[in-house]
Structures are given as structure tokens and as C-alpha cells.
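Worksheet: the structure to be examined is printed underneath.
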Amino acid sequence: MRKTTAVLVFSALALLAGCNKSHQINGSTLKTVNRSINSIKERLPLDQRIEFEVSFWSLRDDIRNNKEFLETIDGKTPEQLIEIGKEIFAKRKASGNPEYRQYENWDQMIAQYTQERLDQNRKIKSDERDKTNPHSITYKLNSM
């Protein structure tokens with residue numbers, strides 16, 4: 001009976017420890033980083049998701065060496081990664097990077113990216129073939 005209890009307690013603790021890192025990036029391999037990023041990103045609100053994505057790709061752009069990148073990103077939370085992104089933004093803006101001159105600050109850049117993302121989602125147009133399809137399920141209501 002004691003062995004069963006010990007096994008159950010150990011299993012419960014292992015499960016809790018495994019679940020606890022669901023909001024952290026797993027930097028074991030590039031594949032696990034991508035899985036972590038996608039999983040975390042799906043749970044973030046749009047504005048924070050964009051900050052998270054921009055921060056991730058800014059860091060990846062700064063650190064080309066895979067091993068160094070994995071070590072840097074391993075265990076980071078979205079908030080920690082966003083802070084790193086803000087630091088990279090400040091460094092690039094201070095160095096006169098032309099891509100960053102147009103932005104007064106981080107928030108303005110994120111607001112512009114958020115608006116661009118919203119605009120991209122709105123610009124999905126219907127296919128012209130749908131209008132001429134005789135088997136279309138779209139009904140036209142005639143006023144009587």
C-alpha cells in the first residue's frame with residue numbers, strides 16, 4: 001500500500017511539474033522552440049501575441065548561432081521575451097537603424113503591426129468565380 005501511495009504522489013508531482021512549464025519556451029531544440037512558441041502564441045491576446053512574435057524574431061535575428069539562441073530563449077515566459085524585444089528595439093533605434101526611425105517607441109511600432117494584421121484579415125476578397133457559379137448556395141432575396 002505504501003508503494004502505491006508513493007507512486008501516486010510521485011506521479012502527481014511529476015504531472016504538476018510538467019504542466020507548470022506550459023507558459024515557458026522549451027529551448028531543447030529548434031523543433032521544441034517552434035512548438036512552444038506556437039502553443040504560447042495561441043493563448044495570448046492579439047496585441048500581446050504581436051509583441052511576442054516581434055520579440056521572438058528580433059531575438060532570432062540578433063542571435064544567429066543556434067546553440068546560443070536555444071540557451072538564451074530556454075525557459076523564458078512571454079513577458080520575459082517581450083522585455084528582451086523591447087531592449088532590442090531600444091538598441092536598434094539608438095543605433096540609427098532606418099527600420100526603427102519611423103517609430104517613436106515600442107508601443108507605436110506594435111500598434112502599427114497590430115493594425116496591419118487587422119487590415120490583412122479584412123482584405124480577404126471573395127473569388128470572382130463564386131459570383132458566376134450556378135450552383136452557388138448564396139441566395140438572393142428579391143424584394144416584393
Can you give the local net charge around N38? Use residues other than it whose beta-carbon is closer than 14 angstrom to its beta-carbon, Lys and Arg +1, Asp and Glu -1.
+3
With a sphere of radius 13 Å drawn around the Cβ of E53, what net charge do the other residues whose Cβ falls strictly inside it have (Lys, Arg +1; Asp, Glu -1)?
-1
The ³J(HN,Hα) series, computed from each phi in segment 83-95 with the Karplus coefficients 6.51, -1.76 and 1.60 at θ = phi - 60°, rounded to the nearest Hz and given as x for glycine or proline, is 4, 5, x, 5, 5, 5, 4, 4, 5, 5, 5, 5, 7
How high is the relative contact order of segment 22-120? Use alpha-carbon pairs under 8 Å, at least six apart in sequence, and give a whole percent.
32
Please give the length that would be gained between S39 and E83 if that part of the chain were fully extended, namely 0.36 nm times their separation in residues minus their C-alpha to C-alpha distance (nm, one decimal).
13.9 nm
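Read-outs throughout are calculated quantities, based only on the coordinates presented, and are distinct from any laboratory measurement. Here the structure is a predicted model, which is why all the values come from computation and not from measurement. No Cβ is skipped: glycine too gets one built from the backbone with ideal geometry, and neighbour counts run over all protein chains shown.
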